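The values are calculated or read from the model by the stated rules, or taken from the named source; none is laboratory data. Note that this is a predicted model, so its numbers are computed, not measured. Cβ atoms come from the backbone with ideal geometry, glycine included; neighbour counts cover every protein chain shown. Areas reflect the complete protein model, heavy atoms only, side chains present, ligands, DNA and RNA absent. Shrake-Rupley method; radii C 1.70, N 1.55, O 1.52, S 1.80 Å.
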Amino acid sequence: MYGSGEGVRPPYHAVAEWLGTQALGDLRQKLADAETMFRRTGITFAVYGSEDTSERLIPFDIIPRIISAAEWRKLAAGIEQRVRALNAFMFDIYHRQEIIRAGKVPEELIVSNSAFVPEMMGVSVPLGIYSHIIGIDIVRTGESDFFVLEDNTRTPSGVSYMLENRETMMHMFPDLFARNRVAPVENYPENLLKTLESVAPTGLKGEPTIALLTPGQFNSAYYEHSFLADQMGVELVEGRDLAVIDGYLQMKTTQGPRRIDVLYRRIDDDFLDPLVFRSDSVLGVPGLFDLYRAGRVTIVNAPGGGIADDKAIYSYIPKIIKFYTGRAPILQNVPTYNCRKADDLKYVLEHLPELVVKEVHGSGGYGMLVGPTASSSEIEAFRAKLTANPSNYIAQPTLALSTSPTMVETGVAPRHLDLRPFVLVGDEVRMTAGGLTRVAMRAGSLVVNSSQGGGTKDTWVLQD
Amino acid sequence: MLGRTANDLYWLARYVERAENMARLIEVGYRIVLLPRDGEGAHEEWRSTLASAGCAQGFFDKHETLSTRDVINYLLFDCSNPSSVKSCLAAARRNGRAQRTSLTRDMWESLNAAWIEFSAIKPESVTAGELPRILDWVRSRSALYRGAMLNTILRNDTFFFMQLGTFLERADNTSRILDVKYYVLLPHVEMVGSGIDAVQWAAILRSVSAHRSYRWVYKENYKPWRIAEYLILNQAMPRSLRSCYEQIGVTLDDLAEYYGDQHACHGTATGTRQRLAKGNIDNIFQSGLHEFIEDFISRNNRLGNEVADAYHFNG
Amino acid sequence: MLISIGHVTRYTYGLPASCSVHTLRLTPPSFEGQKVLSWRVEMPEIAGAVQYRDAFGNVSHLVSIPRSYDEISIIARGVVETKDKSGLVRGLMEAAPVRIFLRETPKTAPDSNIRALVADVAQADPIDRMHDLMRLVGERVEYAVGTTTASTSAAEALRVGRGVCQDHAHVFISAARLMGFPARYVSGYFLTGDVLGSEAQHAWAEVYINGLGWLGFDPANQICPTESYIRLGCGLDSLSAAPITGNRTGGGNENLDVFVEVQQQSSAQQQ
């Protein structure tokens, strides 16, 4: 919220002024009201490995995060460039692999990568798009310094929080919205539906039937699955509701089987089809992948998309953007050390207390080391893991993440945050202004993942 | 609609109805136990409560003797008892959560709130004085949920499957009460007029919330055959078998119209409905009340299975 | 050489099976050394099969059977004309870039024994190295039925030192990839001279040699494929090249019978 100099940055003026007029007690009451609303509607989140695995609320902060129109324009242009390049990369990797032939990406980084799915070779996906729903994690380190921390090209989650956070804020603070011109977000489900419809199997006549495949109600993101299905008016299905019948994917309805043309799946690749991937999977559908190859159904996002958000590939993304778009990247990557390279590994081992080290295939903030806040014994334990299997890790410098005022125990205080805008790629690129702002609730913490106690905020993109 | 969705909605409604019926059974049992009586422990009353609730086997697998505390705990809170109020509310919410998109916000919130509040109750801290309040609360929660449903849901297949669940469960419950207590409705010479009978008759009526309405309808003291007639054949009594089957019939007709086809369940329901509509209590007594009820229970179960088959509840 | 093939796979179940799906890679391709003159795959519901080409170029069928049954037979038969090309596979419709076949799979992951095997390969010329590898695999994995199963990995087969053609191919592929050669698993038939039984169903390996192309090696028979070989399909290992895979509901115990008849035809018998 504060710039490099004194005072509040212009986009925050109106909110800062409003915040100044609010009594802390009133704000606390509003926060409690918001939590009650969330719990009633059932917006909960299961956390793996915690004592009460059933349901937990993600902390919600009532002070919005604000982005100016100009800032958003730059971000949006950078994001669009990035998602187009990522899709071009996936198409190439699963066809002729020109980028490997051109020597821009090492062969072994693709071929021996567990995120690469050889069964995807040569599939002709509608419109050539692999990753239709992408979340790009962005951090800000200075007034005009945005970095991409991670791309999420498999099954990014969190969009329901973006929508519910806005709903809650509008319900509780209508006057704030009257005083600020905030870009709307509620068009997301409609855009998602349009995107899904646009990638129906080639040659399909009539309206495509769409369904959302969930692992079931015990999945951490189940609320989001049911929320999106509901908002789009499509069936929420599980593997046991589906079967290959008469050469098509069909769902078992009260009136017998009914064909599905586009499957928005929220289960991992490994579980999609026991005939091709994990044979013990009961979440998927035997034969689904064959139907997909034959062009009888579209799977969204395509299997094998993990190759584009693999942390070992991440440091090549600037080259990838250049290769497929012919232009320099608009958004920068965070400098990254690939521990599989001897030089990088040496540097990382010497600078562990300053770095953030992540597992190449990890996600959700699990299995990572945040050097500056780790104890020396944690660092030594991590050093042993890193030395044992260097190619499993990457490292990045600790960034001076921006902060935003946040309600905490002691009152309103600055907390670090990031931003995950959601992008839809179909017949066109559709973007919702803003995204999900995640905030580290502990003072000084840089870990914003909800599984690690991070919270969320409503994200405002102001209009000119 | 997915077959699994229909199945979940049907069972959601059954579980809400079952929780309510269970609360009523406990209440009635508790009233009788509190009455001063001599001889073989008042606890024997719990035996028929357990039987009416369909929980006798499960209870005695776990407990050797009957005690008020154990019975109430088993029927209210025991998660190993699939029909305990707690299990019913948990299952209803689980089904509701799985079918969140089929429910209106009002329905979901009342279901979710019921579960959250009930699971906060600590069984060991429930005193005798608090029991009635908890039982009332269960009934009011069920009423709130049904009210939310009737006020907010579209009249389409979602509604129809929930209605079927509610009335099949209700018919099952009423018929089980009759099955367990039919002997007090039979004309045994030596028992007629004894105080015990009056208590038993009142208990039966109370367990279907009909002890006051009985007097409005019949304008006379409890007569066992009248009670049987009231619970089996009276169309106006909302928990009678007849009334349940009127609702089931209407709902199945709605489904047939909605989907444009009929199945075996339609024939079965029509058969049962006509039997009840044309029924006469004297004839029923003549050919055996017990046999009549047993036959009804088996027809009701068959209908449940036929509905599941017709609408692909299991895929 | 004209060769006729009849391949019957029969599953019988202890309890009724239902709602099954089957993926068949049972259609041989035509290329320089092999010309398919006639070919048919028969099984229930085959008429409604979804046909497609998989990631490795194999013509595949997806068949679903919605009803329940106790027994099912999958029959592939036809006539193929073969020519001896000294194991060279040319003119095949290639789907994936060659480098894909460097990928390690759970069944072909190398262990210290396979590394040791590679270290023992003498010779300098790539083709000579592969012949030497074929010899070593034959020496170290004795042909024996019953020691290994369909799920045995290359490392396990080499450790026990016994196995069948599938194990020979896996060990060979694992070692070849370790040496930097793209290698793939090939399923097919082999004209043995035996009349009946399942021995004629066979598996071997192909290795990509720069400047030459794909070259077949059959470590089980210690030769490069000849005109006695009929090539069906290929993949990264026996799983991705499996002629038949499937999934069913119910069925209880499954009993599998395979009959393969591979016979040379005189041209007079030609169809």
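Remarks
- Remark on C:L232: its backbone amide H falls under 5 Å from those of C:S187, C:G188, C:Y189, a criterion applied only to residues 5 or more positions apart or on other chains, H modelled at 1.01 Å from N.
- log10 of Debye I(q)/I(0), alpha-carbon scatterers only, for the stretch B:155-315 at 0.08, 0.09, 0.17 Å⁻¹: -0.26, -0.32, -0.96
- Ordered from largest to smallest accessible area (heavy atoms of protein chains, 1.4 Å probe), the residues A:Y130, A:Y161 come out as A:Y161, A:Y130.
- Using the Cβ-Cβ distance between B:T270 and B:V199 with R0 set to 41 Å, the FRET efficiency from 1/(1 + (r/R0)^6) comes to roughly 0.60.
- Computed FRET value (nearest 0.05) for C:A119 with B:R155, which takes r as the C-beta separation and R₀ as 60 Å: 0.20
- Spacing of the modelled spin labels on C:E139 and B:E220, each 7 Å from Cα toward Cβ, amounts to 10.8 nm.
- Difference of contour (0.36 nm per residue) and Cα-Cα distance, C:K83 to C:E199: 39.6 nm
- Charge sum, other residues only, whose C-beta stays under 9 Å from A:L86's C-beta, Lys/Arg counted +1 and Asp/Glu -1: 0
- Cleavage-rule hits, trypsin sites (Lys or Arg not before Pro), the stretch C:136-224, DSSP coil, Cβ neighbours within 10 Å at most 11: none
- Solvent-accessible surface ranking, highest first, for B:R206, B:R239 at 1.4 angstrom: B:R206, B:R239
- Residues along the stretch A:114-131 losing 50 Å² or more of accessible surface when the other protein chains are present rather than the chain by itself (probe 1.4 Å): A:P118, A:M121
- Each listed q (0.15, 0.25, 0.28 Å⁻¹) maps to a log10 I(q)/I(0) for the stretch B:102-162 from the Debye sum over equal C-alpha point scatterers, namely -0.53, -1.01, -1.15.
- Counting only protein heavy atoms and using a 1.4 Å probe, the accessible area of C:F181 comes to about 30 Å².
- Annotation: per residue accessible area for chain C equals 42 Å², rounded to a whole number [probe 1.4 Å, protein chains only].
- Rolling a 1.4 Å probe over the protein heavy atoms leaves C:E42 with an accessible area of roughly 50 Å².
- Put a dot 7 Å past the Cα of C:S38, heading toward its Cβ, do the same for B:S67, and the two dots end up 8.5 nm apart.
- The figure for A:K252 is an accessible area of roughly 60 square angstrom, using a 1.4 Å probe on the protein chains alone.
- Tail fraction, Cα-Cα pairs, the stretch A:249-361, threshold 16 Å, whole percent: 72
- Taken along the Cα-to-beta-carbon direction at a fixed 7 Å, the label points for C:S151 and B:S140 span 5.7 nm.
- Counting every pair of alpha carbons in chain A, the share spaced more than 39 Å apart comes to 22 percent.
- Pairing chains B and A buries close to 2200 square angstrom of accessible surface in total, based on protein heavy atoms and a 1.4 angstrom probe.
- Spin-label proximity, A:A413 to the stretch A:14-34 - amide N less than 18 Å from point 7 Å beyond Cα toward beta carbon: A:24-25, A:27-28
- Spin-label proximity, A:R327 to the stretch A:122-140 - amide N less than 19 Å from point 7 Å beyond Cα toward beta carbon: A:136
- Of the listed residues B:L103, B:L150, the order by accessible area with a 1.4 Å probe, largest first, is B:L150, B:L103.
- The simple Förster model, with R0 at 25 Å and r as the Cβ-Cβ distance, assigns C:Y69 and A:D280 a FRET efficiency of 0.55.
- P(r) tail fraction, the stretch A:337-397 - alpha-carbon pairs more than 13 Å apart, %: 54
- Two numbers describe the Cα atoms of the protein assembly as shown: Rg and Dmax, which are 34.9, 111 Å.
- Linear extension gain, C:F259 paired with C:E94, 0.36 nm per residue minus alpha-carbon span: 56.4 nm
- In Å, descending, principal axis extents of the Cα set of chain B: 57, 50, 36
- nm² value of the averaged projected area, convex hull over the Cα atoms of chain C: 14.1
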